[in-house]
Amino acid sequence: MLDDEFATALVNILNNTGLANALVAGLLLQLPDPDTWRLTISGDVVASVNAIEQREEGNDYTLERGVGEVGARTINAHDGTYDIVIGAWSFMPAFEVSSPEELVNYMHNIGTHLAIHESGHAILHQRGEDSEAFQDLATGTKTERTWRKHLAAHLDDFRIEKMTNRTTPSPSSHVESVGDTLAHMRKELTESNVLRLTDGEAATSRSSTAVNDLIRVMTYLGAELGAGGKIAKGMRPDPLPEGWDEYLEEVWDAWALNLDRLKPADDPMTVDEIASVLTDLCKIVVLWSQSIIGYHFEMHDDGSWTANWSRAAY
């Protein structure tokens, strides 16, 4: 929940600096009919999403993604319209600003970026190109296909960020997020390697979630690095996050270049084209997890699974 001082300041900035108009303008770029969407700026995104989606008790929406949080969510309504919820805290920079003018400028930039990004989820859904339309078309082994739904959501985000960054790149870099999330993954894997002795299912869930959280941030970083055009082989963040050489260097080109086969969200693709990328990325993730990360999850033909951790510490 927001404290009263911040809530008052945000309302003032929304109403008196043009931020509210900037958000609406960002949404109208891809969703020109204002009757098809509703925008909510929420101080409690969990409560807002729970109410809109009419979630049952015990099935609350969650914000946490590794060390980060979801800043916004687009919800598809049954009547073909969309509810777009943006967290109020998303407008605040993670770094110090030197003046009120710099703060307002940041809030306009991040707000417009978020508005355009969320509209991207809507247009992919309208064209039948969002994750639910292609995720089950992925081929491969049972282990590879286990990743299909997680990676399909990341493919949506990459296409949307590719579109958004073309005109309104995020004022916050994802380089630091990769380093923080990588450190979080290593901690989760190390602790899971001990937990597996008493609760293998919980250990596997924690490890797979931590790897997926890193993949999510890798997806955003790929879109950030390619904001000026195509992603080139050898393209890397500068400076490299701690742990990059050990865990990401060998996989990065394969990951980023295959992601970049995807078109921006406002450029149509067939579901078969998207599923082809998804299939290849599922293979890459399984090989990377097993041979580089040292977390070996395998789904067997009979529906059973096994998980092994090849490092004592990560």
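The values are calculated or read from the model by the stated rules, or taken from the named source; none is laboratory data. Remember, it's a predicted structure, so these values are computed and weren't measured experimentally. Cβ: placed from backbone, ideal geometry, glycine included. Neighbour counts: every protein chain shown.
What the table below lists for this structure:
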item: Per-region count, the range 69-126, residues within 20 Å of Ala265 (Cα to Cα) and charged (D, E, K, R); result: 3
item: Qualifying residue in the range 296-303 (condition: hydrophobic (A, V, I, L, M, F, W, C), in contact (Cβ under 8 Å) with a residue 60 or more places away in the chain and farther than 26 Å from Glu129 by Cβ); result: yes
item: Selected residue [in contact (Cβ under 8 Å) with a residue 60 or more places away in the chain and under 25 Å from Glu132 (Cα atoms)] from Ile75, Ile13, Ile86; result: Ile86
item: Matching residues in the range 200-210 - criterion: being over 10 Å from Thr181 (Cβ atoms) and buried (at least 21 other Cβ atoms within 10 Å of the Cβ); result: Ala203, Ser207
item: Given (1) of a type outside the set (Gly, Ala, Ser); (2) without any contact (Cβ under 8 Å) to a residue 40 or more places away in the chain; (3) assigned to a loop (DSSP other than H, G, I, E, B), index of the condition Leu2 fails; result: (2)
item: Selected residue [of a type in the set (S, T, N, Q) and either over 23 Å from the mean Cα position of the chain (by Cα) or within 22 Å of Leu155 (Cα to Cα) (or both)] from Thr219, Thr204; result: Thr219
item: Cross-chain or 6+ apart pairs with Cβ under 7 Å, the range 233-255 first and closer than 24 Å to Lys187 by Cα and of a type in the set (Val, Ile, Thr), then outside any loop (DSSP other than H, G, I, E, B) and modelled with pLDDT of 95 or more; result: Val251/Ile284; Val251/Trp288; Val251/Ile292
item: Close pairs (6 angstrom Cβ cut-off, 6 or more residues apart or separate chains): closer than 11 Å to Gly243 by Cβ in the range 170-198, hydroxyl-bearing (Ser, Thr, Tyr) and outside any helix (DSSP H, G or I) anywhere; result: Arg186/Tyr314
item: Boolean, His78 is farther than 18 Å from Ser48 by Cα and either touching a strand residue (DSSP E or B) at 6+ places or on another chain (Cβ under 8 Å) or not assigned by TED's automatic domain parsing to the domain that holds Thr168 (or both); result: no
item: Output for the range 93-112, where each listed residue is in contact (Cβ under 8 Å) with a residue 60 or more places away in the chain and surrounded by 15 or more Cβ atoms within 10 Å (Cβ to Cβ); result: Val104, Tyr106, Met107, His108, Asn109, Ile110, Gly111, Thr112
item: Flag if Phe95 is of a type in the set (Phe, Trp, Tyr), touching a strand residue (DSSP E or B) at 6+ places or on another chain (Cβ under 9 Å) and in the same structural domain as Pro32 (by TED's automatic domain parsing); result: no
item: Matching residues, the range 134-179, being in a loop (DSSP other than H, G, I, E, B) and closer than 16 Å to Leu278 by Cβ; result: Ala138, Thr139, Gly140, Thr141, Trp147
item: Matching residues, the range 76-99, being of a type outside the set (A, V, I, L, M) and assigned to a loop (DSSP other than H, G, I, E, B); result: His78, Asp79, Gly80, Thr81, Pro93, Phe95, Glu96, Ser98, Ser99
